[in-house]
Amino acid sequence: MSYEKKLMQMKGLVKKKIVEEKVIKEELEMALPFYVEQWKDAGLKFIKDEQGFYFVKETFYHSEHIHGNIGLNKLQQAKTFMQEVYPTHPLTIAKESPFCFYDTETTGLKGAGVLIFLNGVLKEVENGFLLTQFVLADPDHEVSFLKATDFWVNEQTLITYNGKSFDLPQLVTRWTMNRNNLPRLKQHHQIDLMHSSKRIWKGELERFKLKQVEEMKLGFIRENDIPGHLAPIIYFDAVKSGNPINLMKVLKHNEWDILSLVTLYILSVELLQEKEVVETATTYTNIGKWFRDLKTVDSSVDWFTFVVNNFSEEDASIAYYFLGLHLKRAGLYEDSVQAFRQALKEISGKYRIEVYIELAKLFEHQLKDFPKALEMTQQCIEHEAKLNMDVHSRLKRELMKREMRIIRKLNISRETAGHNKKCIKVAEKTPLFDNVML
């Protein structure tokens, strides 16, 4: 046999060997985990498709289900209220948009090697809600696991807790890592309830972990809960040992997280409806500030007015300050001064500095009352010194500059007044018709 034929034969053998190895590899990849039956017995459904396999757990909740002290049946009313009253608010779910409550469990906090091993998705269905929890059976089958969600099918609103910083970036990262085998991930609208909770309860809650919000605001206390930081260890142990007992506790932890998202959304919207006083002045003032930052002026003024009408001067001091700002912007300068003076009775800290500055501006520029403008500026300088702020701070320089300017204006005003008074006296001594021939 010639050398060329032997070479061609060798190439054929090599090619045949490669094909055989590929087939063997594919067979090994699709080999079922040894723990399939154990996990199925624990309540997980095994799903196999052309790209791999994963596990699923589905849980149905009737619309009358109560989580903590809030019924899930209030969601529809909350959603409708936001769409009709505040259509552009960050908490509003657009009328045309499908939506779901979403939470993940991962094998770590950051890094390219971090995997999502549990995707929890809750959606509205007939007569209630359906929670679908997708569980990663094996890292080699991540494509099948990720594609099991419908996040690639259509755009929707994902309601999360810290999802903008964690859950969604993790999902995008994993999708990108498998982009050659997955359809394009849709661009979803997000509602992050951690952000809204901080907006509403800043100054009320010391921490904004979901567990603390549940206990303080939702009336839900977890019993026998698995701490979130143990979830990765439990997952890897379940894959290694095949024992799903603790893994099912992680699914319960995820289930509670998602149910709390529903009730937290409901409660947040109820607080925006301004029906009755159920929270502190701080909470309602925060809501007013939120609307103010959103440039929804009328709504913000309504909330600040709600606070001053329902709470003591001490509790409403910051609301008086913001009302003063609104009245000033509306050109109602005297009313603005009154609101700021009400705020000064009880307001403290850096807000007190702001009130002094606003009063000084009003007296200097709008009302031209330079003595009062100087008084407010000097009181502001004294208060700033008590707060032990940076001696060379920009604020201190601006206050000193304002003080010198007002003093200069005050001196000019006095000189002008003195000159005018002298002219009047001279005029009084001069006969009006001196040496006039009649």
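Once R0 is set to 30 Å, what does the formula 1/(1 + (r/R0)^6) return for the Cβ-Cβ distance between residue 189 and residue 32, expressed as a FRET efficiency to the nearest 0.05? Please list the in-between numbers first.
Values: r = 38 Å, r/R0 = 1.27.
After rounding, the FRET efficiency stands at 0.20.
Between 31, 231, 137, where does the largest GNM mean-square fluctuation fall for the chain, given springs only between Cα atoms within less than 10 Å?
31
Which one of 190, 246, 97 is farthest out on the positive end of the charge dipole of region 36-271, using unit charges on Cβ (Lys, Arg +1; Asp, Glu -1) and the Cα centre as origin?
190
Calculate the dipole size of region 237-324 relative to its Cα centre from +1 charges on Lys and Arg beta carbons and -1 charges on Asp and Glu beta carbons; express the result in debye to the nearest 20.
Values: 7 positive and 13 negative charges, 107 e Å.
The dipole of region 237-324 has a size of about 520 debye.
Would you report the distance distribution of C-alpha pairs in region 226-297 as whole percents per 5 angstrom bin, up to the bin with the largest distance?
Bins of 5 Å from zero give 3, 13, 15, 13, 10, 8, 9, 9, 8, 6, 3, 0 percent of pairs.
Once every Cα of region 281-426 carries one equal point scatterer and solvent is ignored, give the base-10 log of I(q)/I(0) from the Debye formula at q = 0.09, 0.13, 0.19 Å⁻¹, two decimals.
Each listed q maps to, in turn, -0.34, -0.65, -1.11.
Which log10 I(q)/I(0) values, to two decimals, does region 183-229 give at q = 0.26, 0.29, 0.32 Å⁻¹ under the Debye formula with one point per Cα?
Values returned for q = 0.26, 0.29, 0.32 Å⁻¹ are -1.00, -1.12, -1.23.
For region 274-279, take each phi angle, set θ = phi - 60°, evaluate the Karplus expression 6.51 cos²θ - 1.76 cosθ + 1.60, and give the result in whole Hz per residue in order, putting x for glycine and proline.
Karplus values, whole Hz, x for Gly and Pro: 6, 7, 8, 7, 10, 10.
Using only Cα atoms, find the angle between the long axis of helix 317-329 and the longest principal axis of the chain, and express it within 0 to 90 degrees, rounded to the nearest 10.
Between the helix axis and the principal axis of the chain, the angle is about 70 degrees.
Going by how many other beta carbons lie within 10 Å of each one, how would you line up 257, 192, 140, 293, fewest first?
293, 140, 192, 257
Pick out, from 284, 116, 177, the residue whose Cα sits farthest towards the positive end of the charge dipole of the chain, with +1 on the Cβ of Lys and Arg and -1 on the Cβ of Asp and Glu.
177
For the pairs 211/275; 198/275; 40/123; 110/249; 361/386, flag any whose C-alpha to C-alpha distance is greater than 25 Å.
211/275
How far, in degrees from 0 to 90, does helix 297-310 lean away from the longest principal axis of the Cα atoms of the chain, to the nearest 10?
Helix 297-310 sits roughly 70 degrees off the main axis of the chain.
Of the candidates 79, 123, 350, which one comes out as most mobile in a Gaussian network treatment of the chain with C-alpha springs shorter than 10 Å?
With Cα springs under 10 Å in the chain, the top fluctuation among 79, 123, 350 is at 350.
State, to one decimal in nm, how far the label point of residue 277 lies from the label point of residue 411, with both points 7 Å from Cα in the Cβ direction.
5.1 nm
Based on the Cβ-Cβ distance of residue 386 and residue 249, what FRET efficiency does E = 1/(1 + (r/R0)^6) give at R0 = 60 Å, to the nearest 0.05?
Efficiency, from the Cβ-Cβ distance: 0.70.
Taking the 0 to 90 degree range and rounding to the nearest ten, how far is the long axis of helix 231-241 tilted relative to the main principal axis of the chain, both from C-alpha atoms?
0 degrees
Please give me the summed charge of the neighbours of residue 182: other residues whose Cβ is under 14 Å from its Cβ, Lys and Arg +1, Asp and Glu -1.
Net of charged neighbours comes to +1.
Would you tally the net charge around residue 404, using a Cβ to Cβ cut-off of less than 12 Å, leaving residue 404 out, and scoring K and R as +1, D and E as -1?
Working: positive: 397, 401, 402, 405, 408, 409; negative: 398, 403.
Counting the neighbours of residue 404, the net charge comes to +4.
In Å and from the alpha-carbon atoms only, list the Rg and Dmax of region 148-212.
In order Rg, Dmax, the Cα atoms of region 148-212 give 14.7, 47 Å.
Is there a quick way to get the dipole size of the chain? I mean about its Cα centre, with the Cβ of Lys and Arg at +1 and of Asp and Glu at -1; what is the value in debye to the nearest 20?
I would put it at about 2080 debye.
Would you please give the residues with an amide H less than 5 Å from that of residue 106, counting only those at least 5 places away or on a separate chain, with H modeled from the backbone geometry?
Residues meeting the criterion, in which the H sits 1.01 Å from N, are 117.
How high is the relative contact order of region 281-426, in percent, with contacts defined as C-alpha pairs under 8 Å that are six or more residues apart?
Worked out over region 281-426, it gives 14 percent.
Looking only at Cα atoms, what is the convex hull volume of the chain per residue, in Å³? Numbers along the way, then the final one.
Working: hull volume 133.8 nm³, N = 438.
Measuring per residue, one finds 306 Å³ for the Cα hull of the chain.
Give me 174, 184 sorted ascending by neighbouring Cβ count inside 10 Å, so fewest comes first.
Fewest-to-most Cβ neighbours within 10 Å comes out as 184, 174.
Give me the Kirkwood hydrodynamic radius of region 36-271 in Å, from all C-alpha pairs, to one decimal place?
Over region 36-271, the inverse of the mean reciprocal pair distance is 18.4 Å.
In a Gaussian network model over the chain where Cα atoms closer than 10 Å are linked, find which of 285, 263, 305 has the largest mean-square fluctuation.
Looking only at 285, 263, 305, the biggest GNM fluctuation is shown by 305.
A short reminder: the numbers here are calculations on the coordinates, not readings from a lab. What you see is a predicted model, and the numbers here were worked out from it, not measured in a lab. As a convention, Cβ positions derive from the backbone with ideal geometry for all residues, glycine included, and neighbour counts pool all protein chains shown.
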